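Asks: Quick one: structure below, then a few questions.
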Amino acid sequence: MAMVFGLFGWMLYTSHEEASQYAIDTSQNITLMAQRDIVRNIEILSLSLDALANRYQSPTYRQLTHNQQHSYLFGGVAAAKHVVVMAVLDDVGKVVVSSLPGAPANTYGDRLYFTVHRDQPETGLYISPPITAKFDRDLQVVVLSKRLANQDGSFAGIVVMALDLTYFRELFSGVVLGEDGVMSLYSRSGVVYMRLPYSASIIGRDISTNPNFLTIKSLIQQNSGSFFARAMNDGVKRLYAFRNVPGTQLVVFVGRSEKHIFRHWTESLYTVGSLMLLFIAVCVALFHVLRNELKKRRHAEEKLQELVRIDDLTKLLNRRALDHALDDLWSRSRRSKGTFSILFIDVDYFKFYNDTYGHQKGDEVLAAVSRAISLQLPRSSDIAARYGGEEFIVVLAETNADGAIFVGEKIRSAIEALHILHSKSQIGHISVSVGAAVYDGKIHDSINAVLNAADSALYKAKGNGRNNVQISARPVDEA
């Protein structure tokens, strides 16, 4: 049976890994195609900015009329799909010339795409986060910019280009990713440039503090990779493959839902599961009799084990079982910093009782005392055991000094209430002396130390005339 289960498990695992690897490879290929397309277009746009800068700073430009200048600088912009506007800004950010005729000469000296070139001359092509720009209508764009320099190398302004984000939307829209598939473009710092399925409200959002993004932030610094994650916005678990766009801060993501990836594997799982259920049902039928026999044997062994643990006369735990219980209690208390109390109980003048009434009567007294002790311990966590001869031990879990004294007094009163005649006792009937101790981690270094403390308290009770309850020194926390 183990071999059959192992074979089915291996087959399922292997097919699951194959489906996962195929999905990773496919997703990585998609990111690679998108990366190459983006790189190719950004290179073209970057060359367009270089051409604009060269033409603007060439002597030829100064010799042309105004209309000729506009055509000379921006003659090819109209044919460039998704390029909304190109412009030249001077060293304070004022628009010197724009591809949009009649555009106001606004100043943009405070914009990041301007200040980054002014303050960091080594910056090459800069791609801004998404911006909502106002033209004849509101558009979501990214601004590409490059530095202009004077002959002495000083800052002369920038050339800029606004690229409609529809470019990325159209680039991604032709990719088939299956049910709940997504494709997106983020910056490595956590800004959303595009996401399909498309939602305008997501574009430009900073998700750098999103728990999911923080989890993968270090991972996406690599050139490419993949991971499984559950999206926070729709709760769908997906396999995400990513690839960085060289020369930029952009990262292309492809996400395919786990449900879609493993659809065929899940169907196989159901088929194999059905066969396994059938196999298990047959096994259950075949081994039904054997199981019953094993159950009977186990029950008999448990009964035997119980007999080994129980004192035959008092029906309480015997000394061996008590030792095991105390060792377990000590280990738990040390780990959990919990507390417990121990009662040491001794039947008063029991030797005189045996000498006077005989050992059979003595045994009857011990049985009656043990029943009285058990009846005062309603909690399943409390333990009562015969320690030896006429001595008994009661262990009270999670019980402080007040609780120990209370239970000890209940036991003493219950035994006194039996009114078993004892002519050799000063009291005239059977009674017990009780010594109590509470575990204190500061003074008790072993379970025997607690037992010795309870034993000392027992001798104190005997010294006080017997038939009373005494406790060793209270723990410091209760003092």
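Asks: Restricting to region 131-148, give me the number of residues that are open to solvent by less than 40 Å² (accessible area, probe 1.4 Å) and either without any contact (Cβ under 8 Å) to a residue 12 or more places away in the chain or not in a strand (DSSP E or B) (or both).
Replies: 0
Asks: Looking only at residues in region 333-357 that are more than 23 Å from GLU390 (Cβ to Cβ) and in contact with a strand residue (DSSP E or B) (Cβ under 9 Å, 6 or more places away or on another chain), which one is modelled with the lowest pLDDT?
Replies: GLY338
Asks: Go through (1) touching a residue at least 60 places away in the same chain (Cβ under 8 Å); (2) open to solvent by 40 Å² or more (accessible area, probe 1.4 Å) and name the single condition GLN360 misses.
Replies: (1) is the only condition that GLN360 fails.
Asks: If you scan region 415-427, which residues turn out to be farther than 25 Å from VAL450 by Cα and open to solvent by less than 30 Å² (accessible area, probe 1.4 Å)? Before you say what the answer is, go through the steps one by one.
Replies: If we filter region 415-427 for residues that are farther than 25 Å from VAL450 by Cα, which is where we start, we get 416-427.
Within region 415-427, HIS422, SER425 meet the criteria.
Asks: Which one of these does GLY441 not meet: (1) of a type in the set (Gly, Ala, Ser); (2) open to solvent by 20 Å² or more (accessible area, probe 1.4 Å); (3) over 52 Å from the mean Cα position of the chain (by Cα)?
Replies: (3)
Asks: A further question follows. Filtering region 386-404 down to residues that are under 19 Å from SER331 (Cα atoms) and of a type in the set (A, V, I, L, M, F, W, C), which residue is most open to solvent (accessible area, probe 1.4 Å)?
Replies: ALA397
Asks: If you take the residues of region 171-188 that are in contact (Cβ under 8 Å) with a residue 40 or more places away in the chain and part of a helix (DSSP H, G or I), which of them is surrounded by the fewest Cβ atoms within 10 Å (Cβ to Cβ)?
Replies: Of everything passing the filter in region 171-188, LEU171 is surrounded by the fewest Cβ atoms within 10 Å (Cβ to Cβ).
Asks: Which one is farthest from HIS264 (Cα to Cα), of the residues in region 1-18 that are at pLDDT 70 or above and of a type in the set (A, V, I, L, M, F, W, C)?
Replies: It comes out as TRP10.
Asks: In region 189-229, which residue that is closer than 15 Å to VAL142 by Cβ and of a type in the set (Lys, Arg) is most open to solvent (accessible area, probe 1.4 Å)?
Replies: Among residues in region 189-229 that are closer than 15 Å to VAL142 by Cβ and of a type in the set (Lys, Arg), the one most open to solvent (accessible area, probe 1.4 Å) is ARG205.
Asks: A further question on this structure: Quick check on VAL159: is it outside any helix (DSSP H, G or I) and more than 44 Å from the chain's Cα centre (by Cα)?
Replies: Taking the combined requirement at face value, the residue satisfies it.
Asks: Do you know which of the residues in region 454-477 that are at pLDDT 95 or above and open to solvent by less than 20 Å² (accessible area, probe 1.4 Å) is farthest from SER425 (Cα to Cα)?
Replies: Per the criteria, the residue is ALA454.
Asks: Residues being outside any helix (DSSP H, G or I), within 21 Å of the chain's Cα centre (by Cα) and free of Cβ contacts under 8 Å to residues at least 24 places away in the same chain: count how many of those fall in region 208-232.
Replies: Matching residues across region 208-232 total 8.
Asks: Let me ask another. Anything in region 363-379 that is assigned to a helix (DSSP H, G or I) and either open to solvent by less than 60 Å² (accessible area, probe 1.4 Å) or touching a strand residue (DSSP E or B) at 6+ places or on another chain (Cβ under 6 Å) (or both)? List them, or say none.
Replies: Scanning region 363-379 gives VAL365, LEU366, ALA367, ALA368, VAL369, SER370, ALA372, ILE373, SER374.
Asks: I'm checking my understanding of the structure. Among residues of region 308-337 that are among the hydroxyl-bearing types (Ser, Thr, Tyr) and part of a helix (DSSP H, G or I), which one is surrounded by the fewest Cβ atoms within 10 Å (Cβ to Cβ)?
Replies: SER336
Asks: Pull out all pairs, ordered by first then second residue, where Cβ-Cβ is under 7 Å, the residues are six or more apart or on different chains, the first lies in region 456-473 and is in contact (Cβ under 8 Å) with a residue 12 or more places away in the chain, and the second is part of a helix (DSSP H, G or I) and of a type in the set (Lys, Arg).
Replies: Listed pairs, sorted by first residue: ASN467/ARG412; VAL469/ARG412; GLN470/LYS460.
Asks: Scan region 103-114 residue by residue and report those that are surrounded by 11 or more Cβ atoms within 10 Å (Cβ to Cβ) and farther than 20 Å from VAL245 by Cα. Walk me through it before giving the result.
Replies: Quick first cut of region 103-114, residues surrounded by 11 or more Cβ atoms within 10 Å (Cβ to Cβ) only: 103, 105-109, 111-114.
Answer for region 103-114, where residues must be surrounded by 11 or more Cβ atoms within 10 Å (Cβ to Cβ) and farther than 20 Å from VAL245 by Cα: ALA103, ALA105, ASN106, THR107, TYR108, GLY109, ARG111, LEU112, PHE114.
Asks: Test GLY109 against the stated conditions and say whether it is assigned to a loop (DSSP other than H, G, I, E, B), closer than 30 Å to ILE202 by Cα, small (Gly, Ala, Ser) and modelled with pLDDT of 90 or more. Step through it out loud before you land on a result.
Replies: On the way: assigned to a loop (DSSP other than H, G, I, E, B): yes; closer than 30 Å to ILE202 by Cα: yes; small (Gly, Ala, Ser): yes; modelled with pLDDT of 90 or more: yes.
Here the answer is yes, as GLY109 does meet what is asked.
Asks: Any idea which residue in region 115-130 is least open to solvent (accessible area, probe 1.4 Å), counting only those that are out of contact with any Ser or Thr (no Cβ under 7 Å at 6 or more places or on another chain) and closer than 15 Å to GLY93 by Cβ?
Replies: SER128
The values are calculated or read from the model by the stated rules, or taken from the named source; none is laboratory data. The structure displayed is predicted, hence computed values, not measured ones. All Cβ positions, glycine included, derive from the backbone under ideal geometry; neighbour counts span all protein chains shown. These area figures cover heavy atoms from the full protein model, side chains too; ligands, DNA and RNA do not enter into them. Shrake-Rupley method; radii C 1.70, N 1.55, O 1.52, S 1.80 Å.
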